[in-house]
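Peer 1: Sending over a structure as structure tokens; questions will come in a sec.
Any read-out appearing in this document is the output of simple, stated calculations on the displayed coordinates, not a laboratory observation. Computed from a predicted structure; not experimentally measured. So basically every Cβ, Gly included, is an ideal-geometry build from the backbone, and we count neighbours across all protein chains shown.
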């Protein structure tokens, strides 16, 4: 695998954006059950975008 600067930038933005979304969600959501579901949804979205960028599943 040959990563260039753009690949590292995309990975950093994806991880940083996911972490930022998670931190924002933790501030806004008080109920633990909803917080868990929202966290799983954020992780799933980041994973789906990562896989799409890596191998192009769609």
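Peer 1: Considering each of 42, 15 in turn, give the residue that is in contact (Cβ under 8 Å) with a residue 12 or more places away in the chain, assigned to a helix (DSSP H, G or I), closer than 23 Å to residue 55 by Cβ and in contact with a helix residue (DSSP H, G or I) (Cβ under 6 Å, 6 or more places away or on another chain).
Peer 2: 42
Peer 1: Whether any residue in the range 24-38 is under 11 Å from the mean Cα position of the chain (by Cα) and loosely packed, with under 12 Cβ neighbours inside 10 Å is what I want to check.
Peer 2: No; the residues of the range 24-38 include none that is under 11 Å from the mean Cα position of the chain (by Cα) and loosely packed, with under 12 Cβ neighbours inside 10 Å.
Peer 1: Now a separate question. With the checklist (1) surrounded by 12 or more Cβ atoms within 10 Å (Cβ to Cβ); (2) over 25 Å from residue 1 (Cα atoms); (3) free of Cβ contacts under 8 Å to residues at least 12 places away in the same chain in hand, flag the one item residue 47 doesn't pass.
Peer 2: The number of the failed condition is (2).
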